[in-house]
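Beneath this line is the structure, given in structure tokens, with notes to follow.
The values are calculated or read from the model by the stated rules, or taken from the named source; none is laboratory data. Keep in mind that this is a model prediction, so the values were computed, not measured. Quick reminder, even Gly has a Cβ in these numbers, built from the backbone with ideal geometry, and neighbours come from all protein chains shown. SASA here: full protein model, heavy atoms, side chains in, ligands and nucleic acids out. Shrake-Rupley method; radii C 1.70, N 1.55, O 1.52, S 1.80 Å.
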Amino acid sequence: MIPVRGYAAQDARSPLAPFQFERREPGPRDVQLDILYCGVCHGDLTMARDELGFSRFPLVPGHEIVGRVVRAGHEVTKFKTGDLAGVGCLVDSCRTCDSCQEGLEQYCTSGNVQTYNALEKDGKTYTLGGYSEAIVVDQDFALRIPANLDPAAVAPLLCAGITTYSPLRRQGVGPGKRVG
């Protein structure tokens with residue numbers, strides 16, 4: 001296990017405070033990232049305050065993660081040690097249902113695994129997010145971050161940025177078009 005320090009809410013009323021926990025060792029298809037930056041999303045506050053009624057505590061929020069690959073499993077082909085990588089709101093899915101096969105893991109019929117406050121595929125471990133030093137994630141749920149981009153500026157793009165950009169792109173919005 002990998003010892004990690006982070007910040008967690010112990011309950012819905014407590015502020016985030018230092019918290020020590022352990023991450024799993026990287027598997028054959030996993031990358032381990034030393035987290036450099038993690039954006040702050042309103043969803044993090046929503047979960048830390050249990051506004052939806054299903055937060056599991058202690059809760060380490062954070063799903064706009066940019067880090068440097070420090071370890072890569074022997075089957076990893078998308079990353080090498082030293083690469084910059086990003087992690088958004090998902091870290092796993094079944095990968096076999098129709099939605100996953102179409103690249104729409106967010107609609108996984110078996111249940112996708114969120115970056116934090118979600119049950120891992122092992123059925124017993126809860127995910128803890130990016131307000132921490134390190135994360136281990138399957139290469140398929142990490143994104144390559146070009147070295148010429150400012151990693152601090154990239155982190156918020158992994159949620160807020162993509163949430164606005166994706167529908168604009170899907171609808172073909174471009175120069176000369178208007179949106180409301």
Between Phe57 and Val70, with labels modelled 7 Å along Cα→Cβ, what's the label distance in nm to one decimal, could you check? 2.9 nm
Percent of accessible area on the chain owned by carbon and sulfur, 1.4 Å probe? 54 percent
Which of the lysines could a cross-linker span from Lys121 if the Cα-Cα distance has to be under 27 Å and same-chain partners fewer than 8 positions apart are dropped? Lys78, Lys80
If each residue of separation counts as 0.36 nm, what is the full-extension length gain between Ala152 and Arg13 once their alpha-carbon separation is subtracted? 47.2 nm
Compute the separation of the alpha-carbon centres of the range 147-163 and the range 37-56 and state it in Å as a whole number. 19 Å
How far apart, in nanometres, would the label points at Glu25 and Ile2 be if each is projected 7 angstrom from Cα along the Cα-to-Cβ direction? 1.3 nm
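What number, rounded to the nearest 500 deg cm²/dmol, is the helix-based mean residue ellipticity at 222 nm of the chain, given -39500 (n - 2.57) per DSSP H run of at least four residues and division by all its residues?
It comes out at -3500 deg cm²/dmol, rounded to the nearest 500.
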Average accessible area per residue (Å²) across the chain - probe 1.4 Å, nucleic acids and ligands excluded: 57 Å²
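Determine one quarter of the surface area of the Cα convex hull of the range 2-170, which equals its mean projected area, and express it in nm² to one decimal.
Over every viewing direction, the Cα hull of the range 2-170 projects on average to 10.0 nm².
What full-extension length gain, to one decimal in nm, is calculated for Leu168 and Arg144 as 0.36 nm per residue of separation minus the Cα-Cα distance?
In short, 6.4 nm is gained.
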Looking at the range 72-116, which GluC sites (Glu not before Pro) are DSSP coil and have at most 14 other C-beta atoms within 10 Å of their C-beta? Glu75, Glu102
Which ³J(HN,Hα) values in Hz, rounded to whole numbers, follow from the phi angles of the range 65-72 under the Karplus curve 6.51 cos²θ - 1.76 cosθ + 1.60, where θ = phi - 60° and Gly and Pro get x? 9, 10, x, 10, 5, 10, 8, 9
Let me know the shape class of the range 1-71, please: from the alpha-carbon gyration tensor, a ≥ b ≥ c as square roots of the eigenvalues, rounded when a/c is under 1.5, otherwise prolate if a/b is greater than b/c, or oblate. prolate
When only Cα pairs under 8 Å and 6 or more residues apart are kept, what is the percent relative contact order across the chain? 26 percent
